[in-house]
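To start, the structure under review is shown below, and the notes come after it.
The values are calculated or read from the model by the stated rules, or taken from the named source; none is laboratory data. Because the structure is predicted, anything quoted here is derived from the model rather than measured. Cβ atoms come from the backbone with ideal geometry, glycine included; neighbour counts cover every protein chain shown. The accessibility values were calculated without ligands, DNA or RNA, using every heavy atom of the protein model including side chains. Shrake-Rupley method; radii C 1.70, N 1.55, O 1.52, S 1.80 Å.
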Amino acid sequence: MMEIFFETKDVFQLKDLEKIAPKEKGITSMSVKEILQSLVDDGMVDTDRIGTSNYFWAFPSKALHARKRKLEELESQFAESSQKKEALEKSIEKSKIGREDTADRAALLKELAALRQRKEQLKTEIDKYRECDPDVVEEMRQTNQVAKEAANRWTDNIFSIKSWAKRKFGFEESRIDKGFGIPEDLDYID
C-alpha cells in the first residue's frame, strides 16, 4: 500500500485506492480500508477531510524524516545509556576499594554475622517477656478502662430502653428481659 503512495507521489480518495490497490499491488478491495486505517493510525499515511471527501497521502520525504528523527532519538538514548553504564562501572570500581578479600575483612564479616545472629536471639527473648513490659501493661490498663466505660454505657442504654418500654407499653421488666435475651443479673461493671 505504501508503494502506491511513494511511486505516484499523489493524493488519493478511498474509492481511488480501492480501485488501484487490487490492480497494481494485488491487495483485495475489501481490506484496503482497514489497511489504510491502520497506516493512518500508525502515522505512516496522512489524511484530511476537505468538504465531504477524505484525502490520503504519504510522501517518501516524510518517511525519510520520520526515520531520521527516530534514528537521532535512538542514538541519543544509546549515548545516554552508555554514559550511565560508564558511571555505574566507575561506581563499582570505587566501591570495590577497601573491600579486597583479606584475612581481617573475613574475620570482621564473620564477627558481623555472629553479632546479627545474637541480635536476633535477643529480640526473640525480649518478645517472650513482652507481656511484662511496663508500657505494654499500661496500654492494657488503658484499653481495659475504655472497654469498661463502653460496657457501662451500653448497660445504661439498655436500662434506658427498658424504662422507656415499661412506661410506653406497660410491659413487665421480666417480660422485656426474656423477649430480648437480657440476663436478669445485668448490672454495671465496677
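If you go through segment 95-119 and keep only what is assigned to a helix (DSSP H, G or I) and open to solvent by 100 Å² or more (accessible area, probe 1.4 Å), you end up with Lys96, Asp104, Leu108, Lys110, Glu111, Leu115, Arg116, Gln117, Arg118, Lys119.
When every residue of segment 133-150 is checked against the conditions, at least one turns out to be part of a helix (DSSP H, G or I), of a type outside the set (Val, Ile, Thr) and touching a residue at least 24 places away in the same chain (Cβ under 8 Å). Within segment 2-12, being open to solvent by 40 Å² or more (accessible area, probe 1.4 Å) and hydrophobic (A, V, I, L, M, F, W, C) holds for Phe6, Val11. Selection over segment 13-34 of residues that are open to solvent by 40 Å² or more (accessible area, probe 1.4 Å), part of a helix (DSSP H, G or I) and not acidic (Asp, Glu) gives a count of 7.
Considering segment 35-62, and only residues there that are more than 12 Å from Asp10 (Cα to Cα) and in contact with a Ser or Thr (Cβ under 7 Å, 6 or more places away or on another chain), the residue that is least open to solvent (accessible area, probe 1.4 Å) turns out to be Val40. From the list Asp133, Asp156, the lone residue that is acidic (Asp, Glu), surrounded by 10 or more Cβ atoms within 10 Å (Cβ to Cβ) and within 30 Å of Asp185 (Cβ to Cβ) is Asp156. Within segment 30-84, the only residue that satisfies the criterion of being without any contact (Cβ under 8 Å) to a residue 24 or more places away in the chain, hydroxyl-bearing (Ser, Thr, Tyr) and touching a strand residue (DSSP E or B) at 6+ places or on another chain (Cβ under 8 Å) is Thr47. Applying the criterion of being open to solvent by less than 70 Å² (accessible area, probe 1.4 Å) and in a helix (DSSP H, G or I) to the residues of segment 160-190, the residue that is nearest to Lys148 (Cα to Cα) is Ser160.
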